[in-house]
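Written below as structure tokens is the structure these notes are about.
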Amino acid sequence: MPEFIDGNEAIARGAIDAGCDFFAGYPITPATSILLHLARELPKTGGIVLQGEDEIASMGFCIGAAMSGKRVMTATSGPGISLYSENIGFAIMGEVPMVIVDVQRMGPSTGAATTGAQGDIQFLRWGTSGGYPVIVLAPTTVEECYTLTLRAFDLSERFRVPVFLATDKETSLTKTMANIPPQDAPQVRERATAPAGEDFVPYRLENLSQVPAMSPFGGPHTLRFTTSSHDEEAYLTKDEQAIDRLNRHLAAKIEEHVEEISHVKADLQKGAETLLVSYGITARAMVEAGNRARKAGKRVSMLTVYSLWPIPGKAIRQAMDGVKRVVVAELNLGQYRREIQSLASDRQEVIGVHRVDGKLISPSQILKEGGLA
Amino acid sequence: MTTFKMDTYLNEEKMPYPFCPGCGHHTILDSLNEALVKLQLDPQEVVIVTDIGCTGLSDKYFVTNAFHGLHGRSVTYATGIKMARPELTVIVLIGDGGCGIGGHHLLNAARRNIGVNVFVFNNFNYGMTGGEHSITSPLDSVTTTTRYGHIERPLDLCATADISGANFVARASSFDKDLPDIVAKVIQHEGFSLLDIWELCTAYYVPNNRFGRKDIEATLESLNLEKGVLKADDRPEFSHLYRERVAGGEGEKKVTPPTKLKPRYENSLGRQKSFLIAGAAGTKIGSAGTLFSQGGILAGLHATQRNDYPVTIKTRHSIAEVILSREEIYFTGVEKPDVMFVLFPEGLNKSRDRIARLTEDDLLVINANLPKVETKAKTWALDFKPIRRWGRKKEYWALMAIAAYLREYGTYPLDALIEAINLKPQYAKDNLAAVEASVELG
Ligand SMILES: Cc1ncc(C[n+]2csc(CCOP(=O)(O)OP(=O)(O)O)c2C)c(N)n1
Ligand code: SF4
Ligand SMILES: [Mg+2]
């Protein structure tokens with residue numbers, strides 16, 4: 001049955017329904033209402049919510065709790081992601097399952113707190129040292145804020161990696177009619193844990209793309225966990241082979257499972273010369289623009305990308321197949337366009353539709369700049 | 001329960017320690033081991049969280065659980081672990097460097113009184129990176145970054161922990177015979193505990209300052225600092241307090257049920273319409289927009305609402321943009337509203353550009369007491385002032401204007417709006433009365 005709620009409430013409820021039992025965060029517009037909602041509701045389910053003294057502490061609490069068996073989430077905006085950076089690297093290195101919500105606002109720096117943007121798309125992928133992969137999902141509606149939160153938790157358990165939910169001020173704070181839970185709400189898997197009574201080697205792998213089972217602090221095994229390059233027993237190591245294996249594993253466990261993570265919506269039209277591509281809030285304007293163009297008798301295809309990272313290259317290439325022009329609409333100066341460009345053939349023109357004044361990209365702007373007006 | 005007898009908590013396979021000859025870290029770790037042997041804690045119930053630096057290499061040598069984290073952040077991980085598993089003994093091994101970069105966490109952990117045991121390996125400089133000064137380097141000391149003598153004052157870690165609210169505070173030197181005893185006391189005490197252990201970095205601080213064991217005592221004396229237990233309080237430990245006061249165990253209470261809206265009214269909306277409600281802070285613009293939208297959903301429509309107000313929310317304008325549609329609404333921005341409700345000067349000022357864009361097909365519902373505005377739109381002036389009892393209750397005008405609009409122009413029946421109002425019984429009485437009084441708006 002319908003409700004009238006905003007994206008942040010849908011994210012908070014998604015987290016509770018996903019079995020999240022630990023949240024820590026630091027207030028920042030436009031992400032604060034996730035913290036407020038959970039601070040009120042999560043303790044009722046026995047869960048823990050802490051307001052850290054800053055974003056660094058909040059991430060630290062989450063990592064400590066995740067390694068002690070909790071299902072954890074944190075939420076912030078660009079300036080907070082900046083402070084998360086070092087701990088994001090730690091979560092990648094130690095293979096910590098966690099969900100990080102980035103309700104994007106206008107940057108750089110403090111920027112404009114109450115103004116939406118999609119300026120963190122490359123930052124989320126490359127925002128920590130080393131350059132190892134993470135997963136980034138971007139909802140376009142309130143319902144998707146809910147379902148992709150569940151999906152984010154599921155993927156974080158599956159791959160033991162921080163999974164980002166990249167929303168923005170508009171998706172997070174615009175109230176919309178929504179059905180929660182929607183019929184297609186995904187299942188969240190249980191954490192794979194090492195059986196009691198058997199020897200436990202925290203990072204033992206049969207092959208590079210495998211994801212090792214966990215065992216929490218206070219559980220049936222003694223656990224070692226480290227931010228340093230480590231061997232399979234989690235002892236700091238300088239052994240070149242062990243380090244090489246660890247680093248290749250961190251990449252392979254994501255990159256060899258792109259198809260499993262890949263999530264797009266392709267609405268393709270036969271004979272279309274133009275493909276519209278977008279994500280997040282701007283995908284909604286794109287769909288409206290595509291619908292208007294079709295009503296006006298034009299042939300046009302549309303692609304909404306939900307899993308921004310790793311790049312769902314196969315699905316994007318399929319959608320691009322045969323079109324002359326690809327129009328990428330986003331609230332930044334072309335951060336995802338450059339990824340699409342790298343997938344295009346020499347004969348395909350890639351056009352960016354951008355806006356960085358805080359206003360939304362409108363369907364008319366997409367039609368005009370995309371050559372469909 | 002498993003019974004065990006631990007003769008040592010050191011991992012003999014990994015020994016010896018990696019520290020320079022004479023480095024104080026040796027004795028501190030030996031003392032920690034002795035204290036653990038004395039306390040006979042289950043190694044699986046002990047987590048040693050190490051910071052960075054030479055100190056940070058320590059966890060490898062113990063058979064307990066180990067967590068090696070980022071520089072200065074060890075106390076935050078320890079807090080997360082203790083919150084998740086209050087029954088565990090959580091030990092933090094941190095250098096004076098870590099206490100500097102992570103000072104904020106130290107203060108707040110002490111203030112919360114989270115039950116972690118912090119052992120500071122205080123050698124007055126950064127050992128691992130090459131002997132740079134730290135927050136505890138004494139005045140006039142020579143370090144690799146204070147070649148001309150240190151002119152910053154050292155921080156008294158014990159006093160800082162004490163004043164921040166730590167339950168247990170003590171100071172020692174790595175040369176003290178009773179170090180294992182005091183370490184054991186720290187571990188046994190509930191709540192946040194800190195032991196500041198003064199020691200030697202034989203690679204840097206010692207040669208740079210011709211500093212030795214005796215100088216530790218002399219420095220303490222010159223600064224008027226005492227050793228031993230400085231504070232033993234019994235404030236409740238945070239992870240236990242949290243369970244007592246905030247989260248009372250597994251799913252004891254139900255989460256707040258969502259407000260479901262079952263469509264059961266007709267509507268007469270043609271194409272998608274956008275509405276802009278422009279008012280001032282404190283005039284319930286957002287709530288009126290939500291009730292209007294919820295009424296629409298109850299009448300089978302799709303609805304979206306965006307609010308715009310300054311971050312200092314009790315000042316200036318408050319604007320709500322509502323879109324109603326028979327179909328799913330993709331683009332939630334409003335390129336040009338179809339209907340504007342302009343109720344207060346602040347809202348008027350903020351929405352002049354949009355008034356200017358209105359066409360002959362649009363409607364401007366405006367408070368009759370606002371200054372005249374030029375517009376192509378059809379104008380409907382509403383005068384709230386003369387309505388008895390409501391003429392001064394500005395916070396109901398937006399709702400009254402919406403009710404009047406629904407009466408005059410339709411979209412959906414007033415009953416749907418009334419049902420939306422009744423969803424929040426605590427405000428319903430006044431809201432319903434306002435809707436009733438809106439009849440007088442004409
Ligand atoms: C964020 C960050 N900045 C700087 C460093 C480099 N670094 C490594 S150890 C260290 C100083 C450690 O000094 P201390 O905590 O006193 O430990 P000690 O080596 O003296 O035992 C620094 C600054 C780091 N690892 N991380
Ligand atoms: S550099 Fe200093 S702190 Fe590090 S091991 Fe050597 S003496 Fe100890
Ligand atoms: Mg030091």
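The values are calculated or read from the model by the stated rules, or taken from the named source; none is laboratory data. Predicted, not measured: the structure shown is a model, and the values here were computed from it. As a convention, Cβ positions derive from the backbone with ideal geometry for all residues, glycine included, and neighbour counts pool all protein chains shown.
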List every residue pair whose Cβ atoms sit under 6 Å apart, with the two residues 6 or more apart in sequence or on different chains, where the first one lies in region B:43-58 and is acidic (Asp, Glu) and the second, anywhere, is within 16 Å of ligand 3 (Cβ to nearest atom).
B:ASP51/B:SER74; B:ASP51/B:ILE94; B:ASP51/B:GLY98
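Residues to consider are B:ILE197, B:ILE216; find the one that is of a type in the set (A, V, I, L, M) and under 30 Å from B:MET83 (Cα atoms).
From the options B:ILE197, B:ILE216, the qualifying one is B:ILE197.
Conditions tested, residue by residue: (1) more than 13 Å from chain A (Cβ to nearest Cβ); (2) not hydroxyl-bearing (Ser, Thr, Tyr).
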residue	(1), (2)
B:ARG264	no, yes
B:SER274	no, no
B:GLY289	no, yes
B:THR315	yes, no
B:ALA320	no, yes
B:LEU324	no, yes
B:ILE329	no, yes
B:THR332	no, no
B:PRO337	yes, yes
When both residues are 6+ apart or on different chains and their Cβ atoms are under 6 Å apart, which pairs have a first residue that lies in region B:81-105 and is more than 29 Å from B:PHE124 (Cα to Cα) and at the interface with chain A (Cβ under 10 Å from one of its Cβ atoms), and a second that is away from ligand 2 (no atom under 16 Å from the Cβ) and charged (D, E, K, R)?
B:ALA84/A:LYS70; B:LEU88/B:GLU45
Given region A:280-351, what strands (runs of 3 or more DSSP E) lie entirely inside it while holding 1 or more residues that are of a type in the set (Ser, Thr, Tyr)?
A:300-305, A:307-309
The correct count of residues that are of a type in the set (Asp, Glu) and near ligand 1 (Cβ under 10 Å from one of its atoms) in region B:51-61 is 1
Does A:VAL350 satisfy being in contact with a Lys or Arg (Cβ under 7 Å, 6 or more places away or on another chain), modelled with pLDDT of 95 or more and either surrounded by fewer than 16 Cβ atoms within 10 Å (Cβ to Cβ) or more than 27 Å from A:VAL163 (Cβ to Cβ) (or both)?
yes
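Considering only residues that are more than 8 Å from chain B (Cβ to nearest Cβ) and farther than 15 Å from B:GLY69 by Cβ, which ones fall in region A:221-237?
A:ASP231, A:GLU232, A:GLU233, A:THR237
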Give me the residue from region B:108-133 that is within 21 Å of B:GLU221 (Cβ to Cβ) and polar (S, T, N, Q) and, out of that set, farthest from ligand 1 (Cβ to nearest atom).
B:ASN122
Would you check which residues across region A:265-286 are surrounded by fewer than 22 Cβ atoms within 10 Å (Cβ to Cβ) and within 14 Å of chain B (Cβ to nearest Cβ) and list them?
A:LYS265, A:ASP267
Having 3 or more residues that are surrounded by fewer than 24 Cβ atoms within 10 Å (Cβ to Cβ) and at negative phi is the bar; report the strands (runs of 3 or more DSSP E) wholly within region B:1-116 that clear it.
none
If you go through region A:32-48 one residue at a time, how many are in contact with a helix residue (DSSP H, G or I) (Cβ under 6 Å, 6 or more places away or on another chain) and at the interface with chain B (Cβ under 8 Å from one of its Cβ atoms)?
1
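For region A:165-184, which positions are farther than 23 Å from A:ILE361 by Cα and more than 12 Å from chain B (Cβ to nearest Cβ)?
A:PRO182, A:GLN183, A:ASP184
Do we have A:LYS359 as exposed (fewer than 15 other Cβ atoms within 10 Å of the Cβ) and closer than 29 Å to B:ASN307 by Cβ here?
Judged against the criteria, A:LYS359 is a match.
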Which residues, taken from region B:30-74, are out of contact with any strand residue (DSSP E or B) (no Cβ under 6 Å at 6 or more places or on another chain), of a type in the set (A, V, I, L, M, F, W, C) and more than 15 Å from ligand 2 (Cβ to nearest atom)?
B:LEU32, B:ALA35, B:LEU36, B:VAL37, B:LEU39, B:VAL63, B:LEU70
The one condition in (1) under 30 Å from the mean Cα position of the chain (by Cα); (2) hydroxyl-bearing (Ser, Thr, Tyr); (3) within 14 Å of A:ILE5 (Cα to Cα) that B:THR283 fails to fulfil
(3)
A:SER82 passes all but one of (1) at the interface with chain B (Cβ under 10 Å from one of its Cβ atoms); (2) surrounded by fewer than 24 Cβ atoms within 10 Å (Cβ to Cβ); (3) of a type in the set (Ser, Thr, Tyr); which number fails?
(1)
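Just name the residue that is farthest from B:VAL246 (Cα to Cα) out of those in region B:65-80 that are among the polar types (S, T, N, Q) and within 7 Å of chain A (Cβ to nearest Cβ).
B:ASN65
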State yes or no: is B:MET128 within 16 Å of ligand 2 (Cβ to nearest atom) and within 14 Å of another protein chain (Cβ to nearest Cβ)?
yes
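Being touching a residue at least 60 places away in the same chain (Cβ under 8 Å) and either within 11 Å of chain A (Cβ to nearest Cβ) or away from ligand 2 (no atom under 13 Å from the Cβ) (or both) is the requirement here; does B:PHE119 meet it?
So B:PHE119 passes the test.
Residue-by-condition table, conditions (1) hydrophobic (A, V, I, L, M, F, W, C); (2) over 23 Å from A:SER228 (Cα atoms); (3) more than 16 Å from ligand 1 (Cβ to nearest atom):
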position: B:LYS14; (1), (2), (3): no, no, yes
position: B:PRO21; (1), (2), (3): no, yes, no
position: B:HIS26; (1), (2), (3): no, no, no
position: B:LEU29; (1), (2), (3): yes, no, no
position: B:GLN40; (1), (2), (3): no, yes, yes
position: B:PRO43; (1), (2), (3): no, no, yes
position: B:VAL49; (1), (2), (3): yes, no, no
position: B:VAL63; (1), (2), (3): yes, no, yes
A:LYS368: among the basic types (Lys, Arg), within 14 Å of chain B (Cβ to nearest Cβ) and outside any loop (DSSP other than H, G, I, E, B), yes or no?
yes
Residues that are under 30 Å from B:GLY22 (Cα atoms), away from ligand 3 (no atom under 16 Å from the Cβ) and not assigned by TED's automatic domain parsing to the domain that holds B:LEU432: list the helices (runs of 4 or more DSSP H) wholly contained in region B:185-290 that include at least 2 such residues.
B:213-222
